[in-house]
Structure formats: structure tokens, C-alpha cells
Amino acid sequence: MGPRPAKKGGGIFNDASGVVNVDSSTLAGNTVPGGQGGGIYNSGKLVVTATTFSQNAVSAGLGGALLNDVTGILVITNST
């Protein structure tokens, strides 16, 4: 996944009704100008396993690698 213009989730956007599993992946170089969650924005259920986050950014907002919204359920294991 590469850079794309977005306000939420430069790499992955998971809304409140979504269920996403990210396993053995690399999320790198994603950007969100003036938004939230450069790599991932989550407000649903997200499980991240054995995944690397690298050089994800938000130019004027929150969550360079990942932003977990107040409604989100997040589990991260063996990831950097």
C-alpha cells in the first residue's frame, strides 16, 4: 500500500462496523495530510500480528503509525 490522499487511514481505514486482521505485513510510507492515522485508522475491530510500521506520517493531526478511535477495539502482538 502506498501513499494516497485521505483524511483518515493513509494505508487502511477500518470503520465502526469493520473487522480487519493484518498479519505478517509491512505498512510503510503512508501519509495523511491534516487527518488521522497515517498507517491505519481504526474505529472497528483490528488485530495486528507480526507487522512492521515504518515511516507512516500525519502532517497535522494524530496517529502517525496508527490511530485507534474511542470506539475501536485493537489487539497488537509481535509488531514493531
* To do: Counting only C-alpha contacts under 8 Å and six or more residues apart, can you give the relative contact order of the chain as a whole percent?
  => 32 percent
* Taking all pairs of distinct alpha-carbon atoms in the chain, Kirkwood radius in angstrom -> 11.9 Å
* Structure fact -> GNM of the chain, Cα pairs under 10 angstrom: of V20, V58, V32, the biggest fluctuation goes to V20
* Using the Kirkwood radius over Cα pairs, work out the Stokes-Einstein diffusion coefficient for the range 33-80 at 37 °C and 0.692 mPa s, in µm²/s as a whole number. => 302 µm²/s
* Structure fact -> Spelling it out for S25: with amide H atoms placed in the peptide plane at 1.01 Å from N, the residues 5 or more places away or on another chain with amide H under 5 Å from its amide H are T51, T52
* To do: Could you tell me what percent of the DSSP beta bridges with both partners in the chain are antiparallel, to the nearest 5?
  => 0 percent
* For V19, V47, what's the largest-to-smallest order of accessible area, 1.4 Å probe? -> V19, V47
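The values are calculated or read from the model by the stated rules, or taken from the named source; none is laboratory data. Values in this document were obtained by computation on a predicted structure and should not be read as measured data. Note: areas computed on protein heavy atoms with side chains; ligands, DNA, RNA excluded. Shrake-Rupley method; radii C 1.70, N 1.55, O 1.52, S 1.80 Å.
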